[in-house]
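Asks: Dropping a structure here in structure tokens format, bear with me for questions.
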Amino acid sequence: MSVLDVNLHKLHIRDPFLGQYQHLVRDVVIPYQWEALNDRIPDAEPSHAIENFRIAAGLQTGEFYGMVFQDSDVAKWLEAVAWSLCQKPDAELEKTADEVIELVAAAQCPDGYLNTWFTVKAPGERWTNLAECHELYSAGHMIEAGVAFFLATGKRRLLEVVCKLADHIDQVFGPAEHQLHGYPGHPEIELALMRLYEVTEAPRYLALVNYFVEQRGAQPYFYDIEYEKRGRTSHWQTYGPAWMVKDKAYSQAHQPIAEQQHAIGHAVRFVYLMTGVAHLARLNHDEDKRQDCLRLWRDMAQRQLYITGGIGSQSSGEAFSSDYDLPNDTVYAESCASIGLMMFARRMLEMEADSQYADVMERALYNTVLGGMALDGKHFFYVNPLEVHPKTLAFNHIYDHVKPVRQRWFGCACCPPNIARLLTSLGHYIYTPREDALYINLYIGNQVEIPVGDATLRLHISGNYPWQETVTLAIASQEDIQHTLALRLPDWCDAPQVMLNGAAVKQDIRKGYLHINRLWREGDTLTLTLPMPVRRLYGNPLLRHVAGKVALQRGPLVYCLEQADNGENLHNLWLPETAAFTTFEGKGLFSHKILIQADGLRRTAVHPEQQALWRYDYRPSDAQPQTLTFIPWFSWANRGEGEMRIWVNEI
């Protein structure tokens, strides 16, 4: 296991807020998704994913159904199960997972190849369409599942399956004349092989990642070569024949990564790729690749990142757009993209120990990632808009990708199991253990044991974050330990305060972390106070979509207006720049959550059907008073269909 990984058997989340999410995933989400994978959810899109494996294994007859990457849904579900078993053993769930693993093993070809779409539909076309057909993507997710299940249970069955798969890939791809000189159309294998390398310490996996990364964008383009070789056939026709082949920037294959200057193309592909590159750069001590990561992160974070931690502003290609093009209503912001953003941020933290990455990671987690799943654990968003007007969605096709409520399942169901595996593995994001310090990135309540040399540091974090401002960190180690704790000071907090055993702490702040080095003794207590006033956010003047508007944030949470509290036509609401804010605890659905109210204004029409479409005499100050209620954005659309918006007119 990597020295920078926390052993999830030694970390137990006790957080009043996110702890409930972990319970929800364990008790509701994982069983629900198992039913979905077996096509037992009424009125939901069928999955057929388990059936595909049975057919590929020869256990039953039938036709493959679903996307070419349908296998990845099963892999992500297995990974979620694995990390969940670290939190709480469950013999019945583990038995079900073992049976699925045996099914996966039965579907594997003798040479190690594993992909039910090609095994069932086109066994003679393996590795002939890397640009479009996701073979390496699906392999990567299964490798991640194999690593997770081994770390969680100690069982090697799935690990052996994925090692055989990885060894097959290593034989097929590489610089030798008899090998394919290609790379994945959808990155994922890179970050997965890095995980496999950490567990097995087999250098061939590290070398294969390096090959895939350096081969990407090399000319002549491999996508063109294989396109001609297979007779110019295409798997997808979404934007015309061979669009994935022709639009190489879509898959970040237009240039070598060393030459790329901008976050571009499919957002999930971009962050998955860069997660692997950052991990590779650190373990290989590769300064050039480190600079690539720094450059491309900076471009993404400074020009193409929503305040919700969403990325990918356009539905066409689920992709980045031009700099500062961040529309609120037609936005894509796929749930998987924010999960990938958290993964990228985690690897950057391991390499850089700079709080800017944790700030973005936290923003993505508490807003888009949580918002991607309903509070019941049975409905999901694929797309995460910052503004919704349901009456328009049914008629204007620029919104065809936007849903006003979460869905039970999807034909392309990558997001639901991705959310599940992220929430069950949260412990990997809370801390970054390094030899010189333990970096504390997220203030999620937990108990953890971290090796420090030959000793064990036991640390308890408690509080009611992100609703209340006080976080307590208590040392529970029986032996004294000399070490450094590095506490992240969030970018949203202007005046953080840290006390050690009731006394002020020396301000040794480096890259956004307060470093405290001492001989830690049992009972030592750090009290971190993070004042959480309601703050107004304004867009860069280049962000035309939010000109004249304001958004509200409290702590890491972005807030929104919803029709259920404020009535229809939210675009007619205005927030005075002098308005004061009142915070209060909600009820019912919002129990234990903090809501915000302010005195605002509403523009109204007495008889709209009798008025002209345009007027010369309207002024915002003529509007009528109305109390505005703001809810945490992640919780919107849990009360049925209605309007929602984050950015509000300011007067």
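Asks: Using only the alpha carbons of region 493-651, what is the convex hull's orientation-averaged projected area in square nanometres?
Replies: 14.2 nm²
Asks: Can I ask one more? Using the Cα centre as the reference, give the magnitude of the dipole from point charges on the C-beta atoms of the chain (Lys, Arg: +1; Asp, Glu: -1; all else neutral), rounded to the nearest 20 debye.
Replies: Here the size comes out at about 880 debye.
Asks: Amide H neighbours of residue 441 under 5 Å, counting only residues 5+ apart in sequence or on other chains, H built in-plane at 1.01 Å?
Replies: When sequence neighbours closer than 5 places are left aside, the close amide H contacts are 431, 432.
Asks: So what is the accessible area of the chain per residue, in Å², with the probe set to 1.4 Å?
Replies: That works out to 38 Å² per residue.
Asks: Ordering 511, 403 by how much accessible area each has at a 1.4 Å probe, largest first, what is the list?
Replies: Descending accessible area places them as 511, 403.
Asks: Per-residue HN-Hα couplings for region 437-443, Karplus 6.51 cos²θ - 1.76 cosθ + 1.60 at θ = phi - 60°, whole Hz, x for Gly and Pro?
Replies: Whole-Hz 3J(HN,Hα) from phi for region 437-443: 6, 9, 8, 9, 8, 10, 9.
Asks: Filter the GluC sites (Glu not before Pro) in region 550-651 to those in DSSP coil with at most 10 other Cβ atoms within 10 Å of their Cβ, and list the result.
Replies: Filter output for region 550-651: 577.
Asks: For region 35-46, just list the computed ³J(HN,Hα) in residue order, Karplus coefficients 6.51, -1.76 and 1.60, θ = phi - 60°, integers in Hz, with x standing in for Gly and Pro.
Replies: Per-residue couplings from phi come out as 5, 5, 5, 9, 6, 10, 9, x, 6, 10, 4, x Hz.
Asks: Lys and Arg at +1, Asp and Glu at -1: add these up for the other residues within a Cβ distance under 10 Å of residue 44 and post the number.
Replies: Every neighbour counted, the sum reads -1.
Asks: Suppose accessible area is computed on protein heavy atoms with a 1.4 Å probe; arrange 379, 9 from highest to lowest.
Replies: Listed by decreasing accessible area, they come as 9, 379.
Asks: Just the number, please: carbon plus sulfur as a percent of the accessible area of region 402-542, 1.4 Å probe, no ligands or DNA/RNA counted. Spell out each step's value before the answer.
Replies: Values: 2610 of 5600 Å².
Answer for region 402-542 is 47 percent, counting heavy atoms of protein chains only.
Asks: Among 261-267, 491-497, how do they line up by average Cβ neighbours within 10 Å per residue, starting with the highest? Could you put the intermediate results ahead of the total?
Replies: Details: 261-267: 21.6, 491-497: 14.6.
Ranking, from highest mean packing down: 261-267, 491-497.
Asks: If you filter region 379-442 for chymotrypsin sites (Phe, Trp or Tyr not before Pro), then keep DSSP loop positions with at most 16 other Cβ within 10 Å, what is left?
Replies: Details: sites: 380, 381, 382, 395, 399, 409, 410, 429, 431, 439; in loops: 381, 382, 395, 409, 410.
Passing sites in region 379-442 are 395.
Asks: Next question. Rounded, prolate or oblate: which fits region 284-379, taking a ≥ b ≥ c as square roots of the Cα gyration tensor eigenvalues, rounded meaning a/c under 1.5, else prolate when a/b beats b/c?
Replies: Oblate, because a/c is 1.5 or more while a/b does not exceed b/c.
Asks: Another question about this same structure. Once the whole set of protein chains is in place, how much accessible area is left on residue 67, using a 1.4 Å probe, in Å² to the nearest 10?
Replies: The accessible area of residue 67 comes to roughly 60 Å².
Asks: Over 19 Å, how big is the tail of the calculated P(r) for region 1-130, in percent of all Cα pairs?
Replies: So the portion of pairs separated by more than 19 Å is 57 percent.
Asks: Which semi-axis lengths, in whole Å and largest first, follow from the square roots of five times the eigenvalues of the Cα gyration tensor of region 73-164?
Replies: On the way: eigenvalues 135, 31, 23 Å².
Calculated on Cα positions only, the semi-axes equal 26, 12, 11 Å.
Asks: Could you tell me which of rounded, prolate or oblate describes the chain, using a ≥ b ≥ c as the square roots of the eigenvalues of the alpha-carbon gyration tensor, with rounded for a/c under 1.5 and, failing that, prolate when a/b is larger than b/c and oblate otherwise?
Replies: Note, shape of the chain comes out oblate.
Asks: Right, here's the next one. Any idea what % of Cα-Cα pairs in region 343-434 are farther than 15 Å?
Replies: Of the Cα pairs, 66 percent sit more than 15 Å apart.
Asks: Taking θ = phi - 60°, what integer Hz values does the Karplus form 6.51 cos²θ - 1.76 cosθ + 1.60 yield along region 160-171, in sequence order, with x for Gly and Pro?
Replies: Coupling constants for region 160-171: 5, 4, 6, 5, 5, 5, 5, 5, 4, 4, 5, 6 Hz.
Asks: Another one. Quick one: pull the percent of accessible area on region 296-385 belonging to carbon and sulfur, 1.4 Å probe, ligands and nucleic acids left out.
Replies: So the carbon and sulfur contribution to the accessible surface is 38 percent.
Asks: Using only Cα atoms, locate the centre of region 34-111 and the centre of region 494-509, then give the distance between them in Å, rounded to an integer.
Replies: Using only Cα atoms, the two centres lie 49 Å from each other.
Asks: For region 1-62, what are Rg and Dmax over the alpha carbons, in angstrom?
Replies: When restricted to Cα atoms, region 1-62 yields Rg and Dmax of 17.4, 48 Å.
Asks: Can you list the lysines whose alpha carbon is less than 21 Å from that of residue 10, not counting same-chain residues fewer than 8 positions off?
Replies: 88, 155
Asks: Using just the helices of the chain, give the 222 nm mean residue ellipticity in deg cm²/dmol: DSSP H runs with n ≥ 4 each add -39,500 (n - 2.57), and the total is spread over all residues, rounded to 500.
Replies: -10000 deg cm²/dmol
Asks: Can you give the accessible area of residue 84, probe radius 1.4 Å, in Å² rounded to 10?
Replies: 10 Å²
Asks: Another question about this same structure. Between the DSSP loop rule and a limit of at most 10 other Cβ atoms within 10 Å, which GluC sites (Glu not before Pro) in region 2-101 are left?
Replies: Passing sites in region 2-101 are 63.
Asks: Order these peptides, 189-202, 532-545, 360-373, by their mean beta-carbon neighbour count within 10 angstrom, highest first.
Replies: Packing proxy ranking, top to bottom: 360-373, 189-202, 532-545.
Asks: Here's another thing I want to ask about it. With a sphere of radius 15 Å drawn around the Cβ of residue 466, what net charge do the other residues whose Cβ falls strictly inside it have (Lys, Arg +1; Asp, Glu -1)?
Replies: Values: positive: 363, 488, 535, 554, 593; negative: 15, 359, 362, 469, 491, 585.
Around residue 466, the surrounding residues sum to -1.
The values are calculated or read from the model by the stated rules, or taken from the named source; none is laboratory data. Everything numeric here is computed off the predicted structure, so don't read it as measured data. Backbone-built Cβ (ideal geometry, glycine too); neighbour counts: all protein chains shown. Keep in mind that these areas ignore ligands, DNA and RNA; they rest on the heavy atoms of the full protein, side chains included. Shrake-Rupley method; radii C 1.70, N 1.55, O 1.52, S 1.80 Å.
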